[in-house]
Amino acid sequence: MNTLQQALLALTTGIVGTSFFTMPATAINFGFSFNNELNGGGAVTGIVRGLDEGTGAATSVEILSNTTGLGIGEYIGSPLTNSWTVSGGEVIAFDFLSAGVLNSPPAVTDALLFLDSTELSGASFRAGIAPSPGPFVTGSGFVSTEDIGLTFSRLEDENQSVPEPTSLLSLLAIGAAVTGTALKRK
């Protein structure tokens, strides 16, 4: 096999290897909103980024607006809990707590954010934002799930297709082709 054929074989193997091993990972993002009934009122909107089907951590949780003006910004500095379960493209379980003053900058440090899908005091899920440090209420017999009104909506246009790392796999494929050619030649 001449040098040109070897080069073409190596190039073809690299292209095929890259094509087979580049599998896009799709991050799912969700907008959310709730009434901050547990901690003084106000309407809150935000976004959860970087979720996948199954259970895992969000890459970003951000408060976009709050009618009381408290806690606008991102909360993935040092969350105490960060577990989300997505099934069929919907958020079905969640446990997120970011404790404000414990966050590492540039995350929000003046407010505490929690979102929890476990039942407490009659509410099947809870959500709230409160000043940090300071007392915050996570449940109340006087506040129901309907009062909180937490909703998640999948953001289709926010989905990001992120290619998996392929450089090492491509290098291995090319190396295998070249080694195979060299061994065949001998």
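The values are calculated or read from the model by the stated rules, or taken from the named source; none is laboratory data. Note that the coordinates shown come from a computational prediction; the quantities given were computed from them, not determined experimentally. Cβ coordinates were reconstructed from backbone atoms using ideal geometry, including for glycine residues, and neighbour counts include every protein chain displayed.
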* **Subset tally (residues that are within 17 Å of PHE30 (Cβ to Cβ) and under 14 Å from the mean Cα position of the chain (by Cα)) for the stretch 64-80** => 4
* Of the residues that sit in the stretch 36-59 and are among the polar types (S, T, N, Q) and in contact with a Gly (Cβ under 6 Å, 6 or more places away or on another chain), which one is surrounded by the most Cβ atoms within 10 Å (Cβ to Cβ)? -> ASN39
* Asked: What is the one condition in (1) among the small types (Gly, Ala, Ser); (2) modelled with pLDDT under 95; (3) buried (at least 22 other Cβ atoms within 10 Å of the Cβ); (4) not in a loop (DSSP other than H, G, I, E, B) that GLY71 does not satisfy?
  -> (4)
* Asked: Within the stretch 87-109, is there a residue that is farther than 21 Å from GLU156 by Cα, in contact with a strand residue (DSSP E or B) (Cβ under 8 Å, 6 or more places away or on another chain), charged (D, E, K, R) and part of a loop (DSSP other than H, G, I, E, B)?
  -> no
* Looking at LEU64, is it of a type in the set (A, V, I, L, M), surrounded by fewer than 18 Cβ atoms within 10 Å (Cβ to Cβ) and at pLDDT 95 or above? -> yes
* To do: Output yes when any residue across the stretch 115-125 is touching a Leu at 6+ places or on another chain (Cβ under 6 Å), in a loop (DSSP other than H, G, I, E, B) and free of Cβ contacts under 8 Å to residues at least 24 places away in the same chain, and no when none is.
  => no
* Structure fact -> In the stretch 92-148, anything closer than 14 Å to PHE34 by Cα and charged (D, E, K, R) is listed as ASP116, ARG126, GLU146, ASP147
* Structure fact -> Note on the stretch 39-68: residues free of Cβ contacts under 8 Å to residues at least 60 places away in the same chain, among the β-branched types (Val, Ile, Thr) and part of a strand (DSSP E or B) are THR45, THR55, VAL61
* Asked: What are the residues in the stretch 135-186 that are of a type in the set (Gly, Ala, Ser), at pLDDT below 85 and either in contact with a strand residue (DSSP E or B) (Cβ under 8 Å, 6 or more places away or on another chain) or in a loop (DSSP other than H, G, I, E, B) (or both), if any?
  -> GLY139, SER140, GLY141, SER161
* Asked: Of all the residues that make up the stretch 96-128, how many are β-branched (Val, Ile, Thr) and under 16 Å from ASN82 (Cβ atoms)?
  -> 2
* Got a sec? Which of ASP110, ASP116 is crowded, with 16+ Cβ neighbours inside 10 Å and at pLDDT 90 or above? -> ASP116
